[in-house]
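Step one of this worksheet: look at the structure below.
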Amino acid sequence: MMTARRKDLPTAEELRIWRDFIEATEALRSALSARLQRESSLSPGEYAVLLALREADGRRLRSSDLAARVGWERSRLSHQIGRMERRGLLRREECVTDSRGAEAVLTPEGAEAFRNASLPHLRAVRELFVAALTPDQLAAAEEIGAALRNHLTGLDG
């Protein structure tokens, strides 16, 4: 007796594609992370925080804004900021617009660490991601990323 397939669950083929996607993205993330750590002594988390601060006006952000930019919970960010502050990559300062809040501020040492890490990291992105894909596949990856972000954003409300 055949059982009817449930329409709310993925098919075997969809699950295979899902697993391939997850495994490939995790392998890519792992390879990029290892290369970044080896070549710059920055963790991916440190690089993400430094990038957000580098792109921010005045190279400073309130903790809540920084957490939103890197997509982390505030508690995780608080621990990360503490570690980075001890390494001299950033400092905490009282917020100029709200004395109850604090801002993370990029230090000259943090800016230099980011600069030194960026070129090798961008080369690794080209080597490990871009070079593996044809122009059509790269365009498809862009479309897939946009579709997933749009879908997930729509689910937040």
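Read the figures in this text as sums done on the coordinates, not as results from a lab. From a predicted model like this one, the values you see are computed outputs, not experimental measurements. All Cβ positions, even for glycine, are placed from backbone atoms using ideal geometry, and neighbour counts span all protein chains on display.
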Give me the angle, in degrees from 0 to 90, between the Cα long axis of helix 44-55 and the longest principal axis of the Cα atoms of the chain, rounded to the nearest 10. 60
What distance in nm separates the two pseudo spin-label positions at residue 128 and residue 8, each 7 Å out from Cα along the beta-carbon direction? 3.9
Tell me the relative contact order for the range 1-140 as a rounded percent, counting alpha carbon contacts under 8 Å between residues six or more apart. 24
Charges at C-beta only: +1 for Lys and Arg, -1 for Asp and Glu. How large is the resulting dipole of the range 32-151 about its Cα centre, in Debye rounded to 20? 380
Does anything in the range 10-53 have its amide N under 16 Å from the 7 Å Cα→Cβ label point of residue 83, and if so which residues? 30, 33-51
Note the angle between two axes, namely the Cα long axis of helix 108-128 and the longest principal axis of the Cα atoms of the chain, as a number of degrees from 0 to 90, rounded to the nearest 10. 20
When the Cα centres of the range 95-139 and the range 49-78 are compared, how far apart do they sit, in Å? 12
Degrees, to the nearest 10: 135-156 long Cα axis against longest axis of the chain: 80
